[in-house]
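Undergrad: One structure coming up, written as structure tokens, with questions to follow.
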Amino acid sequence: MLLKSTPLSVTSRILVAFASGALVAAFFLPVWRIDLFAPQYPEGLKMNIWINKLTGDVDVINGLNHYIGMKPFSAADFPEFSYLPYVVGFFMLLGMLVSITGNRRFLFLYLLLTVIGGALAMYDFYMWEYNYGHNLNPTAPIQVPGMSYQPPLFGHKRLLNFDAYSFPDVGGWIVIGAAGMAFVVWFLEWYKQRKVSRLKITTALLLLPLIFFSSCSVQPEPFKYGTDNCHACKMGVMDPKFGGEIITTKGKVYKFDDIICMVRFLKSDAIKKEDIKQNLVINFKKENEFIDVKKASFFISNDLRSPMGSNAAAFISDEEANTVKDKMEGQLMKWDEVYKKIQ
């Protein structure tokens, strides 16, 4: 619904001007990034996507892609790079026009074009990834029948022995934040005209970032038994009763086939404690159900025969653990005790 023709408030016009001006960051910062991690590249490889070029470890990635038949990444193959700077410039000018005139209909047009432009950009990005991941060289040295190598549009995807992550980069987050600010201005003006109580406005505004960040929260990845490998020992993950995951604040997921591998990795300080978002273990009684290590109850018994010899199983409660303890000799422990016990 369009707002009435009364001008935007001074505060709203300033916010729109700020949001439009922030788009200049897209000219100086990458807007998207694709990260690749593998045992032979523990520090990771990255490709930064700007509005007019590619940077990062592009040559190394192209060298690896050659073996699986993927076409080399090259800025020359992206016609979008020739006009994206003008698209960003257009949105900056349109935003400034909204700010100068205070015209609500111009703001509506700005938001409508933002939604359309964002949807088209993601569709174009998806098709670009699809073409690169599916149109493979039939004479490639490494060929896996039925396998494609399309990177994820957003989030994580396993590609052979690589973990691929696709997320906005700094410039992209600024663009998203600028668009979000313009929508907040629209929201405020819309509610102000309907004389909604200030409490309701404040509550709704507080819920917006909560909804956004909850939708973007990092989740554990279900194990693909027979396909996934333990990050520490490199053995295949086979037993659904054991294992764990470490999830970083950046969304990277480390998978382990046994608690002993997970604890030793934590003790190696390969990841700083402040960079860890969650430490999770598999529920012994339910395949691919994860429990936070601080909430889990552990039962250790030589009769359990875990993959790498920790012989430690995790349960959601002491009561659940006791159902196994009644059948074999062993010891109940909490996470801190398990962590100290494993060397």
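The values are calculated or read from the model by the stated rules, or taken from the named source; none is laboratory data. Nothing here was measured: the structure is a model prediction, and the numbers come from that model. Cβ atoms come from the backbone with ideal geometry, glycine included; neighbour counts cover every protein chain shown.
Undergrad: Could you grab me the full set of residues in segment 41-79 that are exposed (fewer than 14 other Cβ atoms within 10 Å of the Cβ) and closer than 30 Å to Ala19 by Cα?
TA: Lys53, Thr55, Pro79, listed by residue number.
Undergrad: For segment 234-270: of the residues being of a type in the set (Val, Ile, Thr) and out of contact with any helix residue (DSSP H, G or I) (no Cβ under 8 Å at 6 or more places or on another chain), which is nearest to Arg305 (Cα to Cα)?
TA: Ranking the candidates gives Ile260 first.
Undergrad: Same structure, new question: Give the residue, chosen from Ile316, Ile247, Ile271, Ile282, that is under 22 Å from the mean Cα position of the chain (by Cα), more than 22 Å from Ala38 (Cα to Cα) and among the aliphatic types (A, V, I, L, M).
TA: When all the criteria are applied, what remains is Ile282.
Undergrad: Return yes or no: is Gly244 among the small types (Gly, Ala, Ser), modelled with pLDDT of 85 or more and closer than 30 Å to Ala296 by Cα?
TA: yes
Undergrad: Count, please, the residues in segment 10-40 that happen to be buried (at least 17 other Cβ atoms within 10 Å of the Cβ), outside any helix (DSSP H, G or I) and not β-branched (Val, Ile, Thr).
TA: Total satisfying the criteria: 7.
Undergrad: Please work out if Tyr132 is in a helix (DSSP H, G or I) and exposed (fewer than 15 other Cβ atoms within 10 Å of the Cβ).
TA: No, not satisfied.
Undergrad: Right, another one. Pick out the one residue from Phe183, Phe187 that is free of Cβ contacts under 8 Å to residues at least 40 places away in the same chain, surrounded by 14 or more Cβ atoms within 10 Å (Cβ to Cβ) and in a helix (DSSP H, G or I).
TA: The conditions single out Phe187.
Undergrad: Conditions first: (1) at pLDDT 85 or above; (2) surrounded by fewer than 12 Cβ atoms within 10 Å (Cβ to Cβ). Phe108 passes all but one, so which condition is the exception?
TA: (2)
Undergrad: Something else now. In segment 205-221, which residue that is surrounded by 13 or more Cβ atoms within 10 Å (Cβ to Cβ) and in a loop (DSSP other than H, G, I, E, B) is modelled with the highest pLDDT?
TA: Only one residue tops the list, namely Glu221.
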